[in-house]
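Enquirer: Shown below is the structure under consideration.
The values are calculated or read from the model by the stated rules, or taken from the named source; none is laboratory data. Source: prediction; values computed, not measured. Don't worry about glycine lacking a Cβ; one is built from the backbone with ideal geometry, like all the others, and counts go over all protein chains shown. For accessibility, only protein heavy atoms count, side chains too; no ligands or nucleic acids. Shrake-Rupley method; radii C 1.70, N 1.55, O 1.52, S 1.80 Å.
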Amino acid sequence: MILAGNRDRNKIQSRIQTRDKTGIRPAVFMVALMMPVLLAGCRNNASIQTETESADGLISVAFSEVGAESDWRVANSESMRTTFTTENGYEFYFEDAKGKQENQITTLRSYILQGVDYIVLDPVIETGWDEVLEEAKNAGIPVIVVDRMIDVEDETLYAAWVGSDFQKEGETAVEWLESYLEEQGRSDEEIRILHVMGTLGATSQIGRTVGLENGTAAHESWEIIAQVQGEYTQAKTYEVVSEFLEETQDIDVIYCENDNSALGAIQALEEAGISCGTDGDVIIISFDATAVGLAACMEGSINLDVECNPLHGPLVEEIIEQLEAGGTPSKLSYVEETYFTPDMLTAEFIASRGY
Ligand code: GYE
């Protein structure tokens, strides 16, 4: 439902903060004025509905996704799509920002103009959201943030956040490495770590980086020999790791901030004739635990894959249900996560996860 419609709005009156004397949300009023323009420019004309047509009572949920840079991301988008279906009572809007915050800001402004019921935002980076979220707030549209966090002055600019504890993921990796080296009798050996970072400024990058940096500072014999930017993609990581290997091949660990990066690092090592994983020279640590990462872990080229759960759709739906019922969802909800090593994996298990 795009316009105010005749879905029972009583429940959501309380969260609509700005209305003019007519009781119409300014954004809705603007949409009414601009209807012919919007209809002409809309990708999915069929889903634009008039007030009478929206008697179906669908709730419109408009998602601004980071991009499609990784398998994790694809699973995340899919989780939203399969949750917010018409059969489940939703009208779903989706925009892929192609990794650019400015695209997300444009998308949010168009969602605000359309007067959607809820905005779901997975922010590329943490900063720079105050202004556009103020606009959403003034239009009375609750914003639910998923995955990466936002750094805003006014916490009332978003209703809730759901995602992972990224620093904890990094700490899990550090703890595992410590015990793995111990098992191998390498605790006192010098350990040279190549750190492949994800998208700079994204909460997942920040948390996983802090986890590693703190862990390294706490181990005298560990050293981060370089930090390179893999941008969460296989292609970029392959490029930067290949370049690095021309400088030195003296590396004990490559800490890759997601599975696609790990695959890029493995590809670069293979090409340089360097072995990795359980039977190789370089220990590979990865994050996400998507099917591609777990498959590489099961066959031994990734030593550790720390899980990061991308299935946010049902969690966002719970938050929307709470808001619809006039409740206040928890401001921050962390998803449960674990980690995987080759001995823990089977093909059946990987297939059963569905992403
Ligand atoms: O680990 C990576 C993706 O923010 C948790 O973004 C997310 C990260 C994920 O591109 O694969």
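Enquirer: Within segment 263-318, restricting attention to residues that are over 30 Å from residue 144 (Cβ atoms), open to solvent by 10 Å² or more (accessible area, probe 1.4 Å) and among the polar types (S, T, N, Q), which residue is farthest from the ligand (Cβ to nearest atom)?
Expert: 275
Enquirer: Restricting the search to segment 126-139, which residues are open to solvent by less than 40 Å² (accessible area, probe 1.4 Å), β-branched (Val, Ile, Thr) and part of a loop (DSSP other than H, G, I, E, B)?
Expert: none
Enquirer: Oh, and also: Does residue 276 satisfy the criteria of being of a type outside the set (Gly, Ala, Ser) and closer than 26 Å to residue 186 by Cα?
Expert: yes
Enquirer: State the number of residues belonging to segment 177-198 that are in contact with a strand residue (DSSP E or B) (Cβ under 8 Å, 6 or more places away or on another chain) and open to solvent by 30 Å² or more (accessible area, probe 1.4 Å). Outline the logic, then answer.
Expert: Going residue by residue through segment 177-198, those that are in contact with a strand residue (DSSP E or B) (Cβ under 8 Å, 6 or more places away or on another chain) are 177, 180-181, 190-197.
Narrowing further to those that are open to solvent by 30 Å² or more (accessible area, probe 1.4 Å): 180, 190, 192.
Total meeting the criteria: 3.
Enquirer: Let me ask something else about it. Just to check your reading of the model, which residue among 207, 201 is on the phi > 0 side of the Ramachandran plot and crowded, with 16+ Cβ neighbours inside 10 Å? Steps first, please.
Expert: Details: 207 fails: on the phi > 0 side of the Ramachandran plot.
Of the residues listed, the single one that is on the phi > 0 side of the Ramachandran plot and crowded, with 16+ Cβ neighbours inside 10 Å is 201.
Enquirer: Which of the residues spanning segment 319-333 are in contact (Cβ under 8 Å) with a residue 60 or more places away in the chain and more than 16 Å from the ligand (Cβ to nearest atom)? Can you show your working first?
Expert: Applying the first criterion (in contact (Cβ under 8 Å) with a residue 60 or more places away in the chain) to segment 319-333 yields 319-320, 323-326, 329-333.
Across segment 319-333, the qualifying residues are 319, 320, 323, 324, 325, 326, 329, 330, 331.
Enquirer: Out of all the residues in segment 59-116, which are open to solvent by 20 Å² or more (accessible area, probe 1.4 Å), within 16 Å of the ligand (Cβ to nearest atom) and in a loop (DSSP other than H, G, I, E, B)?
Expert: Passing the criteria: 68, 69, 98, 99, 100.
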